[in-house]
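Here is the structure we will look at, set down as structure tokens.
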Amino acid sequence: MTITATNRKWLSESRYGLFIHFGLYSVAARHEWVQTLEEVSIKEYKKYFEQFNPDLLDAKKWAKKAKDAGFKYVIITAKHHEGFCLWDSKETPYKVTNTPYKRDLLGELIQAFREEGLKIGIYYSLLDWHHPDFLVDGYHPMRNNSEYKAIHKGNMENYRAFMSAQVKELLTNYGLIDYMWFDFSYKSRDWGTSIGKGADDWGSVELEKMIYSIQPNIFINDRLGLNRGVQTPEQFARSKGMENEEDIWETVQTLNNSWGYDRDNLTFKSSEMVAKQLVDTVSKGGNFTMNIGPNARGIWDDNSDEILAKVGEWLGRHGDSIYGATRSSYPAPLDCRYTQKGNKLFLHIFSWPYRTILLPALGGKVSFARLLNDGSEIRFTDTKNLGGDRKATTNLYKEITEVHIKEALDSTMLMLNVPIHEPNELISVIELTLKEDDKWG
Ligand code: GLC
């Protein structure tokens with residue numbers, strides 16, 4: 001049965017996605033790699049399985065928060081490296097329906113987010129530290145446990161069949177899935193006693209084929225080790241857009257450098273930093289996916305809540321410069337970023353200037369300019385009208401110094417006249433309407 005999405009433009013138009021890391025590691029509350037970082041045995045780690053019961057989790061509340069925060073799609077960790085499944089998988093007993101929570105949490109979340117209109121992404125870990133056939137390597141929690149390794153010598157053929165069956169479950173039982181997000185290939189790793197895993201270990205070519213046979217228009221990220229798919233740099237952004245503008249890239253980032261809930265880690269980004277990362281990413285034609293790690297009761301921590309709500313509030317007034325927008329061919333002034341959508345060019349001002357901003361190459365090309373926060377007009381003049389015979393300048397610019405005029409003599413620029421006081425916004429944005437005959441976008 002194939003489930004076909006209608007529109008493949010949704011991902012690059014969304015620009016802002018939510019990553020949710022939730023699993024047994026949320027109970028340990030010390031980062032999602034806690035099991036391997038502390039070399040917790042599979043037997044000992046079971047205590048989190050027995051404890052797993054996010055009793056205060058309200059899927060509809062999560063979805064509403066995400067919608068209000070301005071996210072257009074969500075990527076949910078159906079299974080992380082620990083091997084615990086948030087759905088009722090028929091392939092393993094290590095699943096949410098066998099915990100005190102009992103219910104198919106992934107199904108509840110997908111339904112709730114879909115009802116709020118968000119596109120659905122599923123994160124699926126290629127590593128599975130719980131599965132008996134997964135070959136132990138240098139990342140595995142049991143890497144130094146000779147007893148375990150003597151019994152579990154690894155059977156990757158069985159493991160590939162297991163993974164394929166699970167991915168098939170995920171793509172068959174929960175309706176239209178818009179984005180399949182795998183993590184991760186590490187073929188180049190070599191620990192001496194073991195080596196990394198890549199496309200051949202996962203059976204990535206066959207897996208990809210099977211995925212498209214069920215959901216032909218689904219997006220797949222680039223971590224199957226096939227050097228294709230949505231490029232997903234993590235915790236950093238590209239320095240510039242993709243060579244081919246049609247290629248989609250998505251930087252995935254955390255709020256405090258931990259994907260899973262990390263109780264004592266309070267090194268959160270500010271809302272302003274998140275907004276600037278979002279704008280910078282879109283100015284390079286990319287998507288920005290921000291992560292949260294809900295806690296063991298199923299609640300988003302206060303810091304994450306506050307940061308995402310503030311960015312969402314900013315998007316309420318400035319979303320037009322983000323959603324459906326992309327990079328511009330115009331060179332942005334210092335400390336600014338451009339995003340563009342058709343004949344609308346958005347100037348994101350990262351540091352507020354004194355009175356004027358010079359926009360290279362925009363002389364004579366703009367018909368109107370306004371601040372997005374309140375819609376107020378920003379007056380401007382083409383620099384070709386400045387300098388030389390001072391009479392030519394209007395009263396508006398009478399204080400402009402000779403130096404400024406000399407600098408502004410480059411007649412290809414546009415000079416914006418901005419208020420002394422910056423608007424009270426995470427980032428102030430000026431929307432420029434390009435004259436119809438000049439849509440470089
Ligand atoms: C890294 C982390 C992993 C996380 C992923 C998200 O691979 O190790 O835990 O899920 O980033 O991109």
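Out of the residues in segment 48-84 that are more than 16 Å from the ligand (Cβ to nearest atom) and among the acidic types (Asp, Glu), which is nearest to the chain's Cα centre (by Cα)?
Out of the qualifying residues, it is Asp68.
If I go through segment 31-47 residue by residue, how many of them are within 13 Å of the ligand (Cβ to nearest atom) and of a type outside the set (Asp, Glu)?
Residues that pass the stated criteria total 6.
Which condition from (1) away from the ligand (no atom under 14 Å from the Cβ); (2) under 26 Å from Gln166 (Cα atoms); (3) in contact (Cβ under 8 Å) with a residue 12 or more places away in the chain is the one that Asn221 breaks?
All conditions are met except number (1).
Looking at (1) closer than 26 Å to Lys284 by Cα; (2) at pLDDT below 95; (3) in contact with a Gly (Cβ under 7 Å, 6 or more places away or on another chain), can you tell me which one Leu409 breaks?
With respect to (1) closer than 26 Å to Lys284 by Cα; (2) at pLDDT below 95; (3) in contact with a Gly (Cβ under 7 Å, 6 or more places away or on another chain), Leu409 is out only on (1).
Cβ-Cβ distance below 7 Å, separation of 6 or more or different chains: which pairs start in segment 34-48 with a residue that is farther than 12 Å from Met142 by Cβ and end on one that is modelled with pLDDT of 95 or more and part of a helix (DSSP H, G or I)?
Sorted first by the residue in segment 34-48, then by its partner, the pairs are Val34/Tyr25; Val34/Ala28; Tyr48/Val27; Tyr48/Ala28.
Just give me the residues in segment 125-158 being surrounded by fewer than 19 Cβ atoms within 10 Å (Cβ to Cβ) and among the aromatic types (Phe, Trp, Tyr), in sequence order.
Tyr139, Tyr148
The values are calculated or read from the model by the stated rules, or taken from the named source; none is laboratory data. Computed from a predicted structure; not experimentally measured. Virtual Cβ from ideal backbone geometry, glycine too; neighbours counted across all protein chains shown.
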